[in-house]
1. From Arg85, Arg4, Arg71, grab the single residue that is among the basic types (Lys, Arg) and modelled with pLDDT of 95 or more.
2. Those residues that are assigned to a helix (DSSP H, G or I) and more than 20 Å from the chain's Cα centre (by Cα), I need them from the range 222-240; list them, please.
3. Within the range 78-90, can you find the residues that are in contact with a helix residue (DSSP H, G or I) (Cβ under 6 Å, 6 or more places away or on another chain) and either in a loop (DSSP other than H, G, I, E, B) or open to solvent by 10 Å² or more (accessible area, probe 1.4 Å) (or both)?
4. Restricting attention to the range 130-143, which residues are within 16 Å of Leu221 (Cα to Cα), open to solvent by less than 10 Å² (accessible area, probe 1.4 Å) and not acidic (Asp, Glu)?
5. Somewhere in the range 154-165, is a residue in a strand (DSSP E or B), open to solvent by 80 Å² or more (accessible area, probe 1.4 Å) and modelled with pLDDT of 95 or more?
6. In the range 197-221, what count of residues is obtained for those that are aliphatic (A, V, I, L, M), under 21 Å from the mean Cα position of the chain (by Cα) and surrounded by 13 or more Cβ atoms within 10 Å (Cβ to Cβ)?
7. I'd like to check something: does the range 99-112 contain any residue that is among the hydrophobic types (A, V, I, L, M, F, W, C), surrounded by 24 or more Cβ atoms within 10 Å (Cβ to Cβ) and over 11 Å from the mean Cα position of the chain (by Cα)?
8. Would you mind finding the one in Ala75, Ala42, Ala36 that is assigned to a helix (DSSP H, G or I), closer than 16 Å to Ile112 by Cα and open to solvent by 10 Å² or more (accessible area, probe 1.4 Å)?
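The values are calculated or read from the model by the stated rules, or taken from the named source; none is laboratory data. Keep in mind the model is a prediction, meaning the values are calculated, not measured. Quick reminder, even Gly has a Cβ in these numbers, built from the backbone with ideal geometry, and neighbours come from all protein chains shown. Note: areas computed on protein heavy atoms with side chains; ligands, DNA, RNA excluded. Shrake-Rupley method; radii C 1.70, N 1.55, O 1.52, S 1.80 Å.
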Amino acid sequence: MTLRREDLDGGIAVLTIDRPEARNALSPETRSEIAASFEAMAADDAVRAVVLTGAGEHFCAGGDVKTMGSREPSAMEDRVAVMVRVAELLITFPKPLVAAVRGHAAGAGASIACLADVVVAADSAKFTVSFLNIGLVPDWGLTHTLQRRVGPAAARRLALTRERVDADEAHRLGLADVRAPDGEVMAVALERARALAASALGGYAALKSMMEDRDALRAALRAEAQTQIERSKTWEHREGVAAFREKRRPDYARAATA
């Protein structure tokens, strides 16, 4: 298992991505476990709010690059289909969802944080929209949710430059809602979750649905999925993955002559 669930008093469920040796990068197993967990928690009346976090020093370093680059096209299509399913489960989750972010939230890690209702960022938090590093585009609905959080101009800058944003800048931009010291980030996230858990959850779910343009999100997910499948077949993606494995800078200038 790469995901841990702990049920606390007051109907609070803590869901922890548990791959600290890989900075909690998302394996195929992890994505499937997240989907199953959110389906179960949505249907469980005993769960009134969820805190999502990562084990160890980091929230989530995105997709597990070690599993990319050499897969059959059908494998990429399967991965993208699961990603779309999980993103829709998180954005339509009918209960409060709080992300407690320590360390890196990169790539899909940043995407997952942006799907939460409240993002609590520790002093060590670092957000990076890093998909271009491996020749891909954002997914998990980030082309929609990032603009909703920080505005179109900042979203464009973060996506195109892959700039690493610290906790101060994330809070200023709206990427994070709350700041907390590292040692207190879970306590602050749990406090927020408990306050939200006291809401009338039927009304909470209705308000979430009204305030989020889910048709636009689903359109973004479809466009991301199709582009991601196409990009996974390119020389640039193979070069990005090879460079990651070989711990070197990718040489994308070669793509024009490859």
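1. One residue alone meets the criteria, Arg4.
2. Listed by number, the residues that qualify are Glu230, Trp235, Glu236, His237, Arg238, Glu239, Gly240.
3. Result: Val82, Val84, Arg85, Leu89.
4. Leu136, Trp140, Gly141, Leu142
5. yes
6. The qualifying residues number 6.
7. yes
8. From the options Ala75, Ala42, Ala36, the qualifying one is Ala36.
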